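Enquirer: Here you go, one structure.
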Amino acid sequence: MNAAPAAASTLTGLILTSTNRQSLIKSLLCPSIYWTPLLVDTILKQLWNHGPKALQFFHILLHNHPTYVHSASSFDHAIDIAARLRNYATVFTLLDRMRSLRLHPTPKTFAIIAERYVAAGKPDKALKIFLSMHQHGCLQDLHSFNTILDVLCKARRVEKAWNFFKVLRGRFQADVISYNIIANGWCSIKRTNMALETLKEMVDRGLNPSLTTYNIILKGYFKAGQIEEGWKFFLEMKRRKCEIDVVTYTTVVHGLGVVGEIKRARNVFDEMVNDGVLPSVATYNALIQVLCMKDSVENAILVFEEMLRKGYAPNSTTYNVVIRGLCHREQMERGMEYMDRMRDDDCGPNVQTYNIVIRYFCNAGEIERGLELFEKMSGGNCLPNLDTYNVLISAMFVRKRSDDMLVAGKLLVEMVDRGFMPRRLTFNRVLDGLLLTGNQGFAKEILRLQSKCGRLSKQFKL
DNA sequence: ATAGGGTTAG
């Protein structure tokens, strides 16, 4: 029994529509609301794309509620949001608050902060926070070492991860997972040779590569466009009777498909069943995606239907891939039908789904339909993200209408209000647009907003 | 939230 999600949506709506802090406090402290960590976490996730509101909500419970005490996981969410807003002062206040409540920050907490630092272009800050974990009551171990390596690699700071790794691998006794993380990092920036080098060094140190290691290298070949090398590697994996799995097959289906080798991709897909390995939803998604890209959306939909017949439950990725395929072939209305099917299934359209259809409507010149969908998001429980705002604001410039400039300005104000930092280019386009259409007053307002944003980002630069 | 397979378009 879990009523949290439904109750959460109602409360999220309340928080989003409130304009007065005092009355929001009064509503949230209403004794009939039974606060639980799950409920709080659910609301924080729903408010993810409205950082300031999420933090306001978190702070009200933290400071104004007489009895409720936040869980460590809610603190992690709040820290994540504050760090994404580059509000590092709040991050450290919350860390201290966790300690004073005897909720220990976990390695996960530090992984979150490190990830945000890296995303903000401060990888050295990320390393520093990792090295100071023990000062915050959290011990460093191999797990957290691997996590920080992965954070750097996922942000494409592979060189930095590799150097850090070389310094500390002895102290933390790096294992197969550490090496896999580094190898995967090299593959993600298409430096397959460095991945192979890493693999070799791992073997020299007496560590045995795992199936995951081979799957990483396999993917690396395809990612770097070394299709035949990837193919040979796959055959070698099979020949050596290495127990290849569904991930291996999915990698090959996708890798062959993206370069247009549809027939070979399909052969591999058929072959896996004969080899006694069942496709997963991800395998279907890979095949459907490459059919959309390199074959036809009709054939992709045949596979989609086949997947349903076989009892698989499509997820939001499946739908998004199909919807994108349809939109790309100018079949917007069919795309919208699949969006409705998503609602009937358990996975409602997510922000990516909206971004896809909004983008294609705008590209097709149907800007009103794009805005209509945007309004639908604002009213529901799928808040627009940075991409949504960027797509819509750009679309406001195609018709060269004065009214559209006002909408662009309004969207820009709203995105800043929700904690998103527009690029300088976006500011300048909107400013130019408003000035050229005689909206000097609004332009001045935007200019003030821009300098406020500039000051904020400077203030938070540590 | 210690590692591997599906998500834009430019």
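The values are calculated or read from the model by the stated rules, or taken from the named source; none is laboratory data. As the structure is a prediction and not an experimental result, all values here were calculated from the model. Glycine gets a Cβ as well: all are built from the backbone with ideal geometry, and neighbour counts include every protein chain shown.
Enquirer: Within region A:241-284, which residues are aliphatic (A, V, I, L, M) and more than 20 Å from A:T212 (Cα to Cα)?
Expert: If the condition is that a residue be aliphatic (A, V, I, L, M) and more than 20 Å from A:T212 (Cα to Cα), then A:V258, A:V259, A:I262, A:A265, A:V273 are the ones that fit.
Enquirer: Looking for whichever is under 17 Å from A:L411 (Cβ atoms) and without any contact (Cβ under 8 Å) to a residue 12 or more places away in the chain here; the options are A:G379, A:G370. Which one fits?
Expert: A:G379
Enquirer: Among the residues that make up region A:277-300, is at least one of them at positive phi and either free of Cβ contacts under 8 Å to residues at least 24 places away in the same chain or over 29 Å from the mean Cα position of the chain (by Cα) (or both)?
Expert: no
Enquirer: Still on this structure: Is it true that A:F361 is modelled with pLDDT of 95 or more and either touching a Cys at 6+ places or on another chain (Cβ under 8 Å) or within 18 Å of A:Y249 (Cα to Cα) (or both)?
Expert: no
Enquirer: I've got another one for you. Assuming A:L256 fulfils every condition listed in (1) aliphatic (A, V, I, L, M); (2) within 7 Å of DNA strand B (Cβ to nearest atom); (3) closer than 19 Å to A:L218 by Cβ apart from one, which condition is it?
Expert: (2)
Enquirer: Picking from A:S100, A:S73, which residue would you name as being buried (at least 16 other Cβ atoms within 10 Å of the Cβ), of a type in the set (S, T, Y) and either outside the structural domain of A:C453 (by TED's automatic domain parsing) or away from DNA strand B (no atom under 16 Å from the Cβ) (or both)?
Expert: Every option except A:S73 fails the conditions.
Enquirer: Moving to a separate point now. Does A:R418 satisfy the condition of being farther than 30 Å from A:Y312 by Cα, in contact (Cβ under 8 Å) with a residue 60 or more places away in the chain and surrounded by 15 or more Cβ atoms within 10 Å (Cβ to Cβ)?
Expert: yes
Enquirer: Right, another one. Tell me, please, whether a residue that is within 15 Å of DNA strand B (Cβ to nearest atom), modelled with pLDDT under 95 and exposed (fewer than 13 other Cβ atoms within 10 Å of the Cβ) can be found in region A:244-252.
Expert: no
Enquirer: Working carefully through the options A:N285, A:N215, find the one that is over 30 Å from A:G335 (Cβ atoms), within 9 Å of DNA strand B (Cβ to nearest atom) and in contact with a Ser or Thr (Cβ under 6 Å, 6 or more places away or on another chain).
Expert: The match here is A:N215.
Enquirer: Moving to a separate point now. Given (1) more than 15 Å from DNA strand B (Cβ to nearest atom); (2) touching a helix residue (DSSP H, G or I) at 6+ places or on another chain (Cβ under 7 Å), where does A:T93 come up short, assuming only one miss?
Expert: (2)
Enquirer: Select, from A:H59, A:H104, A:H70, the only residue that is within 17 Å of A:I129 (Cα to Cα) and over 24 Å from the mean Cα position of the chain (by Cα).
Expert: Result of the check over A:H59, A:H104, A:H70: A:H104.
Enquirer: Restricting attention to region A:168-176, does a residue exist that is under 27 Å from A:R102 (Cβ atoms) and more than 13 Å from DNA strand B (Cβ to nearest atom)?
Expert: Within region A:168-176, none of the residues are under 27 Å from A:R102 (Cβ atoms) and more than 13 Å from DNA strand B (Cβ to nearest atom).
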